[in-house]
1. To one decimal place, what orientation-averaged projected area in nm² is obtained for the convex hull of the Cα set of the range 66-107?
2. Report the Cα-based extents of the range 60-159 along its three principal axes, largest first, to the nearest Å.
3. If you build a Gaussian network model of the chain, linking Cα atoms that sit under 10 Å apart, which residue out of ASN138, ASN82, ASN147 swings the most?
4. Of TYR13, HIS170, THR119, whose Cα points farthest to the positive end of the dipole of the chain (charges on the beta-carbon: +1 Lys, Arg; -1 Asp, Glu; origin at the Cα centre)?
5. For the range 60-111, give the percent of accessible area contributed by carbon and sulfur heavy atoms, probe 1.4 Å, rounded to a whole number.
6. Reachable aspartates and glutamates from LYS88, Cα under 12 Å, same-chain residues fewer than 8 places away excluded?
7. How large is the charge dipole for the chain, taken about the Cα centre, if only the Cβ atoms of Lys, Arg (+1) and Asp, Glu (-1) carry charge, to the nearest 20 debye?
8. Once you've got the GNM for the chain with C-alpha springs shorter than 10 Å, pick whichever of GLY113, GLY67, GLY47 has the biggest mean-square fluctuation.
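The values are calculated or read from the model by the stated rules, or taken from the named source; none is laboratory data. Source: prediction; values computed, not measured. Heads up, the Cβs are rebuilt from the backbone with ideal geometry, glycines too, and the neighbour counts pull from every protein chain shown. For accessibility, only protein heavy atoms count, side chains too; no ligands or nucleic acids. Shrake-Rupley method; radii C 1.70, N 1.55, O 1.52, S 1.80 Å.
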Amino acid sequence: GVNDIKVIGNHFYTVGSGNKVYRRDKAKEWTDISKEPREYFKKLGNGNAQSLSAFNEKEIYFCGDGGNLWWYDGKKWEKIFNVLPKNKEFTYIECCDDGQVYVVDSTGGVAVGRHDKFTYSPIKTKIGEIIFDVTHFNSKLYMTDHNIYEFQNDHWVKAKIPGIYGRVEHLA
């Protein structure tokens with residue numbers, strides 16, 4: 001199945017089960033661009049893609065379970081090894097307007113970097129059991145678990161956003 005869909009450049013891109021990545025080239029025509037990630041998945045049997053983000057069509061990233069992190073240069077995919085803990089499910093990835101890629105796991109841990117150089121910060125803030133959404137705005141990364149948090153340096157801080165009251169699940 002499809003786990004995420006994004007508009008990147010002039011195309012729609014999807015990621016999903018088996019590390020499959022598709023690009024919509026025209027009406028009713030989807031092109032499979034995931035040869036390397038699919039082969040990796042078939043060989044090891046793990047690493048479903050969960051989330052997709054990009055700076056442009058020549059710098060696309062996706063993440064998933066089992067420490068799964070990939071980078072696409074417009075021609076081929078490259079697996080980014082030994083960055084993310086293999087026991088974590090990475091559910092969100094954001095290419096932020098500050099020039100960094102943020103990869104968020106299901107417990108709130110965050111890896112920050114670009115290309116094949118990332119550093120991982122485990123969760124340091126007590127948050128809820130479910131992360132509903134992650135997005136970026138004005139060079140800042142935000143996450144919600146009913147409350148809204150802002151990622152500062154290497155941890156989450158409750159965001160001070162005027163006019164926001166009650167439970168929040170989705171960000172835009």
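1. Numbers: hull surface 13.7 nm².
That works out to 3.4 nm², a quarter of the Cα hull's surface.
2. Projected onto its principal axes, the Cα set of the range 60-159 covers 39, 30, 20 Å.
3. So, out of ASN138, ASN82, ASN147, the one fluctuating most is ASN138.
4. TYR13
5. Values: 840 of 1860 Å².
The C+S portion of the solvent-accessible surface of the range 60-111 is 45 percent.
6. The reachable aspartates and glutamates, counting only those whose Cα sits under 12 Å from LYS88, are ASP65, ASP105.
7. On the way: 24 positive and 23 negative charges, 59 e Å.
About 280 debye.
8. GLY113
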